Each structure stands twice: as C-alpha cells, then as structure tokens.
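To start, the structure itself, in structure tokens.
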Amino acid sequence: MQRGTGTCKPRASLKRSKILHMALMGTSDPSGEAEASQEKPFVLRALQIALVVSLYWVTSISMVFLNKYLLDSPSLRLDTPIFVTFYQCLVTVLLCKGLSSLATCCPGTVDFPALHLDLKVARSVLPLSVVFIGMITFNNLCLKYVGVAFYNVGRSLTTVFNVLLSYLLLKQTTSFYALLTCSVIIGGFWLGVDQEGAEGTLSWTGTLFGVLASLCVSLNAIYTKKVLPAVDGSIWRLTFYNNANACVLFLPLLLALGSSGPPRLPQLGSAHFWAMMTLGGLFGRHRLCDGTADQVHQSPDPGVSGTAKACAQAVLAVLYYEEAKSFLWWTSNMMVLGGSSAYTWVRGREMKKTQEEPHPRENEKSNMEV
C-alpha cells in the first residue's frame, strides 16, 4: 500500500507539468488521437480536416473584417469597443443556452451538452475568464486602431511569449533553431512597424494593444488547458462559462471606462446595426472558438493552416481596401508568417525526436523499491 501511495503525488505533479508544457508549446496529447485517426478511412479523415479548416478560415477571416466594420466604420460612428465585445460574449451565452435547450427538448436534433450554471464551476473558470477578457478586448482594440492588413503582424508575438513563458514558468530552455525562428518573427514585427510608420499609417496605440493581445493569447492557452478538467473537458461548457463570466466582469469595466452601453449608441434603433453586432458575436465568440479547437485536435499541422489563413487575410485586406504596400511591407509579413510556420515545424520535429528516443527505466525501478 505504501508503494502505491508513494507514486501518486509524483504522477499528479507530472500531469500538471505536462498540461502546462502542452499549453505553452501549442501541442496536444497524441495518445488516443493517433489511435482514433488510424481507425478512420483516409478519405473520410481528409474530408473532415478540409471541412474543419475551411470553416475556420471562413469564420476567422469574416470575423476580422466584420469586427473592423463594427469598430471603425464611419457610417456607424461607434466609439464603444468594450460594449461591442461585451455584446458578442452575451450572444455566445444565449446561443449556447439555446442549443442546450434544443438538445434537451428534441433529442437527436443537435449534439450539445446540457448546460446549467454552476457557481462552483464558474469560480473555477474565473482565472481563465480574466485572461479571456484581456485577450478579446485587446484584440478588438488593436483591430480598431490598425488596418486589417497589419492586424496579423501587430499581434504576431504570441509565439515569442510562448517561449518566454515556458522559460519563466517551466524553467525550460529553447533550442537554437526555435530561438532563430523567434528572432525572424521579431524582425518581421519591427520591420512591419517601420513600414507602417513610413507609409504614415502606424498607430502606436494599436500596436501596443496588439502586443498585449499576443501575451493574453499565450496565457489563454495555458489557463484553457488547466481549466478544461473543471468542465469535464468540454469545449462547449468552457465556452459557455467563460463568456458568462466575461459578461459579468465586463459590467464594471463598462462603467469604469465611461461607456454606459446602448443609450449612447447612435445606431440604437437600426436593425442593420444589431444584425451586424449579432453576426459578429456568432462568428467571433462561438464558431471561431470551437472551429479553432476542432482544428487543433484534427489537423495534422494547424500551424500551417493558420499561417496560410493569415497570408490570405492580408492579401484580401489589401485588395478590399485598395491599399498600396511596399516590397518591404510584404517582406515583414512573410517574415512573420514564415517564422511562425518554421517554429511550428521545428518544435514538431523536436517533440517527435523526443518521443522516439528510448526512455531509461532506472528511475521507475528505484521508485518501486522505495
């Protein structure tokens, strides 16, 4: 009995460390997923991946353009980015609750977990919700002040923060080649800032919000992995509790910033305005969150998909807004996207090499003898 209890605590601490490591490195546990993927026919899995990635592309790019319209459109004349973010979170809560009720009343119609607000679970998710608020708020504030084409460059330091946090929290060093890819990302970021300044379109405020958004995205990945057990590993439940907490936490923030909400909105009586706001909530806080989660679990290399999507988004933004960009500006984008993709590739090879190496069992034997 003593032998069994002596190995429980090390296993628990190892599990927590592994969760933190997976969050920082942007990886998921391959055991079980690999077995499940082998059971499916290749064509079926390929179609499933294509569908998920396509959904992610459409919702992600649509969300960015729609939020840019809501936050910076001269026709709307809105100066309440916090209220826009709050409303999008509220739409997510109502949609999740509606789908849960539909699944309960009409079994077999939709596959959705039952959702009941549990204050104990809400408190467990609260640390993540604070980071989540920072992430979506800084994302929207960045998008308000910078162009859609520069948006990806402005929030491109997430990978760099992942490396930094892995060292500060795990005391884990990063390989030379991984650091080299991070230096490419940083170089592309600074070149992009320089070129935006040369073209007279640089917003230091928006760039600062982009850096803060990158930090919060990295922290959000850490806390998401840690909080998932509190909601039985369900992304849907996590989305519901996360956005419900955010709605409550946004209320004092709205008052503190002097943005009291709908009464001060010039488009209060416009059906078009509320339709765009609601659509933004559907894209930004519901489909995108779950599409990203599905993509991470199903795509063999989500980093490549995200890089390609960011490139397509920049090209579409330049074409849509009829902007003229210099060669160095495009070079900065390619450096950021190339560095991010290279980091994913380097980390993937390093982890695969680590998994293939034989592990000595001397430590296990010594633990059994204690």
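The values are calculated or read from the model by the stated rules, or taken from the named source; none is laboratory data. This one's a predicted model, so the numbers in the text were calculated from it and none came from an experiment. Glycine also receives a Cβ, built like all others from the backbone with ideal geometry; neighbour counts cover every protein chain displayed. Accessible surface areas use protein heavy atoms only, side chains included; no ligands, DNA or RNA. Shrake-Rupley method; radii C 1.70, N 1.55, O 1.52, S 1.80 Å.
A few remarks follow.
- Filter result for the condition that a residue is within 17 Å of the chain's Cα centre (by Cα), within 30 Å of Leu319 (Cβ to Cβ), of a type in the set (Val, Ile, Thr) and open to solvent by 20 Å² or more (accessible area, probe 1.4 Å), over Val160, Val153, Val130: Val160
- Region 207-243 - residue that is without any contact (Cβ under 8 Å) to a residue 40 or more places away in the chain and on the phi < 0 side of the Ramachandran plot and, of those, nearest to the chain's Cα centre (by Cα): Leu228
- Reported count of residues in region 73-90, each being open to solvent by 30 Å² or more (accessible area, probe 1.4 Å) and at pLDDT below 85, is 4.
- Candidates Ser203, Ser299, Ser259: the one that is at pLDDT below 85 and either more than 30 Å from Lys352 (Cβ to Cβ) or surrounded by fewer than 18 Cβ atoms within 10 Å (Cβ to Cβ) (or both) is Ser259.
- Residue check, Val93 over 20 Å from Gly281 (Cβ atoms) and open to solvent by less than 50 Å² (accessible area, probe 1.4 Å): no
- Options Tyr151, Tyr167, Tyr177: the member that is farther than 27 Å from Gly206 by Cβ, of a type outside the set (A, V, I, L, M) and modelled with pLDDT of 90 or more: Tyr177
- Residue within region 107-126 that is open to solvent by less than 10 Å² (accessible area, probe 1.4 Å) and either touching a strand residue (DSSP E or B) at 6+ places or on another chain (Cβ under 7 Å) or assigned to a loop (DSSP other than H, G, I, E, B) (or both) present: yes
- Screening Gly32, Gly26, Gly108 for residues that are on the phi > 0 side of the Ramachandran plot, within 19 Å of the chain's Cα centre (by Cα) and at pLDDT below 85 leaves exactly one candidate, Gly26.
- Ser101 vs. criteria assigned to a helix (DSSP H, G or I) and under 30 Å from Leu141 (Cβ atoms): no
- Candidates are the residues of region 187-200 that are open to solvent by less than 50 Å² (accessible area, probe 1.4 Å), touching a residue at least 60 places away in the same chain (Cβ under 8 Å) and small (Gly, Ala, Ser); the one that is farthest from Arg349 (Cα to Cα) is Gly192.
- Within region 157-186, the set of residues being touching a residue at least 60 places away in the same chain (Cβ under 8 Å) and assigned to a loop (DSSP other than H, G, I, E, B) comprises Gln172, Ser175.
- For region 306-320, a residue qualifies if it is open to solvent by 30 Å² or more (accessible area, probe 1.4 Å) and at pLDDT 90 or above, and the qualifying residues are Val315, Leu316, Leu319, Tyr320.
- Some residue of region 43-52 being under 30 Å from Thr174 (Cα atoms), at pLDDT below 80 and either among the β-branched types (Val, Ile, Thr) or open to solvent by less than 40 Å² (accessible area, probe 1.4 Å) (or both): no
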